[in-house]
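Heads up, the thing below is written out as structure tokens.
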Amino acid sequence: MSRRWIWHATLGAALLGSLGLPSAAFAQTSPQTAYNVPTEQLAGLADFIDGVMAQQIATREVAGAVVIVVHQGRVLLARGYGFADVDQGVPVDPQRTLFRLASVSKLFTWAALMQQVEAGRVSLDADVNDYIDFPIPPFEGQPIRVRDLMAHTPGMSDTGRITARSVDELVPYGDWLKAHVPQRLWPAGTKISYSNYGAALAGYIVERVSGEPFADYAERHLFAPLGMESASFREPLPAPLAPRVAKGYRLRDGRFVAKPFELYSQIMPGGSGTASAPDVARFMMAMLNGGAIGAARILKSESVALLMRDSHANAPGLPGMAHGFFVIRNAGPRLVGHGGNTVDFHSRLILAPEAGLGIFVSETGGPGSYGARTELTDALIGRIFPQKPAPRAAAPAGEVVPVGAYRTNRRNYNVPVKPVAIR
């Protein structure tokens, strides 16, 4: 099916989003918040999102997308756009269509880890080697602590080969971790360098200390209590869920061509999650409500606060890492969240705890759809929480301005990389 047809048909899919998922279905007592969102900032939000998505479908190679916003313990809106299956003409249903979470999956892993901290089975300041059955060598005499995994400060090189081309090639993620221990580069706890390996290792710690396979653990202790009935870390998906997942695509001669289901189970706790928008909404509302929805509690409020509390930043004055969440903005209000990309899916979750508001977006399509989720969520943040642009001014006297050529410290250090110029 061509992109032109996607554009003409998407309005019907958007209308499906406006009809489904009544907010009362998730109503709960709202937590105390310190930032009141003016009513006018929320008025017309659905029309605003429709406009952004119309532009993205026309220019960003987006085949399908879902958007859900929660506020004060209720679903404010849920919208579906484009198609879950382009060839069959199946529109995205914001209540039922499943999207790949990619690294947004890590938020569930950190919640699971904090459950084990609460249970007294894990200490955040302990050496990770205390909980696993293979050695992670120290660097300059310093071990990696559990909390270093949460802050993405284990001091490791990035690593590749995290996907499999077929189910037959999948390796149990515990075996994969043992065979692919990354190079140590810095003392743990000193520099943020995003680590898929570290998040997968955190899930392995949960598996080891709980005695439950990680996918089982997530279903029993996170998804089931919160009523996330279609969330799963399993690959391939269980038979009842498989028909509901949106397809990934590549573009060929201007047409979307479906791709096979992507396989990330080799880093399962770090990126193999799949869920519906209502599933993710329940998780967001629990995080915004101190770890509970109604009588269902997955974490103590103190644990949720730690997950969102500042940990490290690589440069003074810039947002850095909390404990599992990224800090997106420090004030006006404070925003934390996490993004995720597979080759085919691009997701982002953002929470404004002071305002009791959460946003989840997931999109799939051609290569041009990469970055669309950030474009949309940034537009939503700008509408809901507007800020005056920072003044353009020279650096204060005596302050060093960064210039030159830089390389990201998140990379595979066994592979050469070109620096990025900053002028």
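Values quoted throughout were computed directly from the atomic coordinates according to the rules given, and no laboratory measurement underlies them. Everything quoted here is computed from the prediction, not taken from an experiment. When we count neighbours, we look across all protein chains shown, and the Cβ atoms used for this are built from the backbone with ideal geometry, even at glycine.
Assorted remarks:
- Distant-in-sequence amide contacts of Arg329, defined by a placed amide H-H separation under 5 Å and a gap of 5 or more residues or a different chain, comprise Leu335.
- In sequence order, region 153-166 has phi-based couplings of 10, x, x, 10, 5, 6, 9, x, 6, 8, 10, 10, 7, 8 Hz under the Karplus curve 6.51 cos²θ - 1.76 cosθ + 1.60, θ = phi - 60°, and Gly or Pro positions carry x.
- Relative to the current alpha-carbon distance between Val171 and Ala224, full extension at 0.36 nm per residue lengthens the span by 16.4 nm.
- Converting phi to 3J(HN,Hα) with the Karplus coefficients 6.51, -1.76 and 1.60 and the offset θ = phi - 60°, region 50-63 yields 4, x, 5, 5, 4, 5, 5, 5, 6, 10, 10, 6, 7, 8 Hz in sequence order, with x at every glycine or proline.
- Whole-Hz ³J(HN,Hα) from phi, Karplus 6.51 cos²θ - 1.76 cosθ + 1.60, for region 243-253, glycine and proline x: x, 8, 7, 5, 8, x, 9, 10, 9, 9, 6
- Simple label model, 7 Å out from Cα along Cβ direction - Arg329 to Ala34, nm: 1.6
- For region 298-366 versus region 108-135, the gap between their alpha-carbon centres in whole angstrom: 21
- Environment charge at Ala372 (Cβ cut-off 13 Å; Lys +1, Arg +1, Asp -1, Glu -1): -2
- Stretching the chain fully between Gln55 and Asp216 yields a gain of 53.9 nm (0.36 nm per residue, less the alpha carbon separation).
- The amide H of Val75, built 1.01 Å from its N in the peptide plane, has Phe26 as neighbours under 5 Å, considering only residues 5 or more places off or on other chains.
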